[in-house]
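This report concerns only the one structure given below.
The values are calculated or read from the model by the stated rules, or taken from the named source; none is laboratory data. In this text, all values refer to a predicted model and were calculated from it rather than measured experimentally. Note that we place each Cβ from the backbone using ideal geometry, even for glycine, and neighbour counts take in every protein chain shown.
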Amino acid sequence: MKVKVDHEHDLPVSSHLLRPGLAKEKLHYHETLEVALCVQGQGTYYFSEKIFSAKVGDIFVVNNHEPHIARSERGSPCEMIILNFDPSLLLHEDDNLLKPFAYLPGKFTNCIAAESPSAEKLGLLVKSVHHELTEKQAGYKSAVRSYVILICSFLVRYYQEQRASDPWFKSSLDFRTKRHLILFMEEHYREPLELADVAQFLGVSNSAASRIFLSAVGQSFREYLNALRVQHAKRRLIENDSDITEVCFDSGFQSLPSFYRIFHQATELAPQSFRKASPLGILFEK
């Protein structure tokens, strides 16, 4: 059953307190996107293919196609803040903000449990939207828009984290992902590269980037970065008589102590000893 969600103002966002009944009513859907927060009691959230229990602090994410309905538990009726907004609100924002709602129902977990740090952040934002729409103080429309953008941003991060840690996702990382990561590393390893740079390249959080990197390449980011830098340093050491300090910084290392330590871990030799031990090393002895 399709229901119409009306907004009280020209901003395509609305919120209301919902106190579901004890009986399960007919499932419905609407053209708006929905983020719901359980603020009291206990209940059940029904979807076409899924059922979730609801407790205080739980967040529920629903797109504009999936039928759903909430029901209260006997003896502990629940109360929920329901936030509805049109996708058009984000029309001129980052396209990624709508990605959490572009899901396949059978493979999507609509509930973000209260125990999750993300649920706490999202809950505060949902309450803030509800407060602004209720009080309607000066500048409330801008505040609401900003809060909704933040909500969608946190949802993007949360579901990226979930996707990156899912075994199916790990096994489905294809050759192209690995190739892109390797090309990125080969292009930038001589720079002051950090995991955050890889995360930005992939468009995910640092922790997600770390897991994706390990799955795709078979080594941690730091291990792979150090291996590239050591390999470059080895080439420099045997191909010319460059000063050790020059080799260090040209290879991407940020300090001589770290260069010596990492190089020794990889080769069991100091850079000077490696140069002398090389068949070409004698050419560079003074």
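Within region 197-212, track down each residue that is farther than 16 Å from Asn226 by Cα and either crowded, with 18+ Cβ neighbours inside 10 Å or not aromatic (Phe, Trp, Tyr) (or both).
Hits for region 197-212 are Ala199, Gln200, Leu202, Gly203, Val204, Ser205, Asn206, Ser207, Ala208, Ala209, Arg211, Ile212.
Where strands (runs of 3 or more DSSP E) fall wholly inside region 39-82, the ranges with 1 or more residues that are of a type outside the set (Phe, Trp, Tyr) and touching a residue at least 60 places away in the same chain (Cβ under 8 Å) are 59-62. Looking across region 56-89 at every residue that is surrounded by fewer than 17 Cβ atoms within 10 Å (Cβ to Cβ) and of a type in the set (Ser, Thr, Tyr), the one that is modelled with the lowest pLDDT is identified as Ser88.
Take Ser273 and tell me if it is in a helix (DSSP H, G or I) and at pLDDT below 95. When the stated conditions are applied, Ser273 passes them.
With respect to being of a type in the set (Lys, Arg) and surrounded by fewer than 16 Cβ atoms within 10 Å (Cβ to Cβ), Lys127 falls outside the description. Annotation note: Cβ proximity below 8 Å between a residue of region 204-221 that is touching a residue at least 12 places away in the same chain (Cβ under 8 Å) and a residue that is of a type in the set (Ser, Thr, Tyr) and assigned to a helix (DSSP H, G or I) (sequence gap 6+ or interchain) occurs for Ala208/Ser165; Arg211/Ser165; Ile212/Thr177; Phe213/Tyr224; Ala216/Thr177; Val217/Tyr224; Phe221/Ser210.
For region 223-268, the set of residues classified as within 35 Å of the chain's Cα centre (by Cα), part of a loop (DSSP other than H, G, I, E, B), among the small types (Gly, Ala, Ser) and surrounded by fewer than 16 Cβ atoms within 10 Å (Cβ to Cβ) consists of Ser255 only.
Taking the conditions exactly as written (exposed (fewer than 14 other Cβ atoms within 10 Å of the Cβ) and either in contact with a Phe, Trp or Tyr (Cβ under 9 Å, 6 or more places away or on another chain) or of a type in the set (Lys, Arg) (or both)), does Lys121 satisfy them or not?
no
Scanning region 90-118 for residues being of a type in the set (A, V, I, L, M, F, W, C) and either surrounded by fewer than 16 Cβ atoms within 10 Å (Cβ to Cβ) or in a helix (DSSP H, G or I) (or both) gives a total of 8.
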